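Here the structure is laid out as structure tokens; the discussion comes afterwards.
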Amino acid sequence: MRSVRLDVAALTTFPPVLCYHRIGGPLELGVTRAGRAVFARQMTALARAGWRTLSLSEFATPHAARRTFLLTFDDGYASLAEHAYPILADLDFTATTFLITDYVGRTNTWDVQYTWNRLQHLSWPQIEQWRARGFDFASHGATHRRLTWLDDAAIEAELRSSREALTARLGPEAGRAVAYPFGAVNPRVVALAQSARYELGFGGVRGNGNPLQLSRVPVYFWDAGDVPFGLRTDALGSLGRMVAHAANRCAVGTSLMRLHKKARCYRNQLRMPDQRVRKDSAD
Ligand SMILES: [Zn+2]
């Protein structure tokens with residue numbers, strides 16, 4: 001373990017949350033895929049340094065334990081069952097995976113333009129198998145639409161149908177949390193998530209303390225040190241979180257075809273991290 005300060009400044013009363021997307025499998029145009037070896041090294045280093053993962057219900061219960069974090073995966077690709085969950089189980093770690101419920105057991109037609117490949121999502125039997133081993137599953141919407149751009153009825157449909165699919169198949173615990181696609185959330189989305197009976201909502205790098213607008217730090221491919229930026233309190237961690245914020249706002253992890261537009265977006269974001277991206281320069 002390198003000499004890295006590991007104590008996390010509690011910005012909210014909730015422990016830190018890391019967000020990975022795809023682990024292993026084919027390379028892609030975007031930046032959200034982490035190599036299996038990098039992921040294994042990071043998790044092993046965290047376990048050796050005394051970090052422990054929380055279940056979703058432990059996370060939701062206020063407590064003062066140090067060196068705990070919520071490990072999350074978005075999109076629910078099938079490769080998690082091959083490349084990520086076994087590594088975690090060996091370390092006695094757990095994770096929460098946010099599923100795009102209309103795509104469970106299907107290929108990723110929703111983002112095939114970013115990955116080039118038709119990738120398989122986890123199936124319900126795989127999900128149930130890992131759930132029996134203590135892994136949590138929750139909502140990432142029904143079809144991965146950016147909720148902030150939808151009208152109220154469409155947001156409600158995304159949130160409710162996803163929650164219904166999860167609770168019907170996995171029971172009420174699976175209806176507690178939602179990770180908003182692209183981390184895109186605003187007060188209107190929060191209000192609708194609350195009326196759809198979600199208790200926890202995960203947005204982008206910057207939360208506001210509201211349990212339905214919690215922060216998460218995405219781990220992009222450049223975040224390949226032993227301790228991901230989201231769990232570091234040093235200057236590198238701050239810088240890494242700022243870059244992750246800019247990347248998340250610009251929805252990298254997406255397409256090189258719009259690289260020029262995105263490069264402009266990053267420049268704007270890094271210069272003015274607190275300002276909102278204009279809709280026409282976001283993804
Ligand atoms: Zn997603």
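The values are calculated or read from the model by the stated rules, or taken from the named source; none is laboratory data. Predicted, not measured: the structure shown is a model, and the values here were computed from it. Please note: Cβ atoms are built from the backbone with ideal geometry, for glycine as well, and neighbour counts cover all protein chains shown. Side chains included, ligands, DNA and RNA excluded: accessible areas come from the protein's heavy atoms. Shrake-Rupley method; radii C 1.70, N 1.55, O 1.52, S 1.80 Å.
So in region 203-224, with the set limited to residues that are small (Gly, Ala, Ser) and in contact (Cβ under 8 Å) with a residue 40 or more places away in the chain, which one is nearest to Val38 (Cα to Cα)? Working first, answer last.
Start the filter on region 203-224 by keeping residues that are small (Gly, Ala, Ser), which leaves 203-204, 207, 209, 215, 224.
Checking which are in contact (Cβ under 8 Å) with a residue 40 or more places away in the chain leaves us with 204, 207, 209, 215, 224.
Working: Gly204: 23, Gly207: 27, Gly209: 31, Ser215: 23, Ala224: 6 Å.
Top of the filtered list is Ala224.
Each row is one residue, and each column tells you yes or no for (1) within 17 Å of the chain's Cα centre (by Cα); (2) more than 16 Å from the ligand (Cβ to nearest atom); (3) buried (at least 18 other Cβ atoms within 10 Å of the Cβ); (4) within 28 Å of Tyr85 (Cβ to Cβ).
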site: Gln126; (1), (2), (3), (4): no, yes, yes, yes
site: Trp130; (1), (2), (3), (4): no, yes, yes, yes
site: Arg133; (1), (2), (3), (4): no, yes, no, yes
site: Asp136; (1), (2), (3), (4): yes, yes, yes, yes
site: Ser139; (1), (2), (3), (4): yes, no, yes, yes
site: Thr143; (1), (2), (3), (4): yes, no, no, yes
site: Ala154; (1), (2), (3), (4): no, yes, no, no
site: Leu159; (1), (2), (3), (4): yes, no, yes, yes
site: Ser162; (1), (2), (3), (4): yes, no, yes, yes
Pull up region 175-209, narrow it to residues that are part of a loop (DSSP other than H, G, I, E, B) and polar (S, T, N, Q), then point me to the one that is most open to solvent (accessible area, probe 1.4 Å).
-> Asn208
Check region 42-57 and report whether any residue there is more than 16 Å from Arg232 (Cβ to Cβ) and part of a loop (DSSP other than H, G, I, E, B).
-> yes
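Considering region 58-93 alone, what residues qualify as being under 19 Å from Leu166 (Cα atoms) and in contact with a strand residue (DSSP E or B) (Cβ under 8 Å, 6 or more places away or on another chain)? Explain how you work it out, then say what you get.
First, the residues of region 58-93 that are under 19 Å from Leu166 (Cα atoms): 60, 72-78, 80-81.
Ala60, Thr72, Phe73, Asp74, Asp75, Gly76, Tyr77, Ala78, Leu80 - these are the residues of region 58-93 that are under 19 Å from Leu166 (Cα atoms) and in contact with a strand residue (DSSP E or B) (Cβ under 8 Å, 6 or more places away or on another chain).
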